[in-house]
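What follows is calculated from the coordinates using simple rules that are stated; it is not laboratory data. Just so it is clear, the model here is predicted, and its values are computed rather than measured. Cβ: placed from backbone, ideal geometry, glycine included. Neighbour counts: every protein chain shown.
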Amino acid sequence: MPMTDTTDRPALPDHLSIDPRSPHHVAAVFEHDIGIRFNDKDRADVEEYCISEGWIKVPAGKTVDRKGKPLLLKLKGRVEVFYR
């Protein structure tokens, strides 16, 4: 019987952010490689997502706010999240 490591992976949350200061940041999820598919295209630049509301946030080019964090664009569409 082959061993699979899916049992020790936490469930993927509905709303997740890569910012550790966000209340939607779940560190245990980032110990694994996750993929995000937005409108049937794989995206590697997603900073935050919400599956139930159907949006992702991505950096707006090289633009940053006054604290040096990237400005984010909210894109609406179909969001799928999975472990790679």
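Report, in debye and to the nearest 20, how large the dipole of the chain comes out about its Cα centre when Lys and Arg carry +1 and Asp and Glu carry -1 on their Cβ. Before the final figure, lay out each step's value.
On the way: 14 positive and 14 negative charges, 103 e Å.
It comes to approximately 500 debye.
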Which stretch or stretches of the stretch 48-71 have amide N atoms under 19 Å from the point lying 7 Å from R9's Cα along the Cα→Cβ direction? 48-52
Calculate the spin-label point distance for R78 paired with V26, positioning each point 7 Å from the Cα along the beta-carbon direction, and give it in nanometres. 2.3 nm
Total lysine pairs whose alpha carbons fall under 19 Å of each other in the chain (8 or more apart, or interchain): 8
